[in-house]
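See structure below.
The values are calculated or read from the model by the stated rules, or taken from the named source; none is laboratory data. Quick caveat: nothing in here was measured; it's all calculated off a predicted structure. Counting neighbours? That spans all protein chains shown, and the Cβs are built from the backbone with ideal geometry, glycine included. To get the accessible areas, we keep the full protein, side chains included, count just its heavy atoms, and leave off ligands, DNA and RNA. Shrake-Rupley method; radii C 1.70, N 1.55, O 1.52, S 1.80 Å.
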Amino acid sequence: MGPSRLPATPYGQGAEPAPSLADILERVLDKGVVIAGDIRINLLDIELLTIKLRLLVASVDKAKEMGIDWWEHDPSLSSRARTRAVPDDDVERSLTEENARLRAEIAALRARAEDRSVDG
């Protein structure tokens, strides 16, 4: 028998095999890919419509690492966000108290400003 030969590959003998779709997808999700583009529709130099497209493809972990976690706060996507969307009595009460306190501060500042304008 003659010497064994490696099958010919499109990349030449001894070259690394082409990455599989799973390898490519893993790399994309690990690193993240941003695709951005704008569509503008003009008529006689008058801009009628502008559409800005931004697409980010990344794993959940990578997105969180970049500070993107909107799906955790969207009530239509997260059950935890849904329970937080229902107002808590304590939270509502504290907001009402803070609102009243801020309105009182604004009234006091306005009164001081009026006193200064009368004196000056």
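Among all positions in region 39-52, there is at least one residue which is open to solvent by 100 Å² or more (accessible area, probe 1.4 Å), on the phi < 0 side of the Ramachandran plot, in contact with a Leu (Cβ under 8 Å, 6 or more places away or on another chain) and at pLDDT 85 or above.
Can you find, within region 58-92, the residue that is least open to solvent (accessible area, probe 1.4 Å) among those that are touching a Pro at 6+ places or on another chain (Cβ under 8 Å) and either of a type in the set (Val, Ile, Thr) or at pLDDT 65 or above (or both)? Only one residue tops the list, namely 81.
Applying a threshold of 6 Å to beta carbon distances and a minimum spacing of six or more residues, or different chains, the list of pairs starting in region 36-50 at a residue that is β-branched (Val, Ile, Thr) and ending at one that is in a strand (DSSP E or B) reads 39/51; 41/48; 41/49; 50/40. The set of residues in region 33-69 that are outside any strand (DSSP E or B) and over 18 Å from the mean Cα position of the chain (by Cα) comprises 44, 45.
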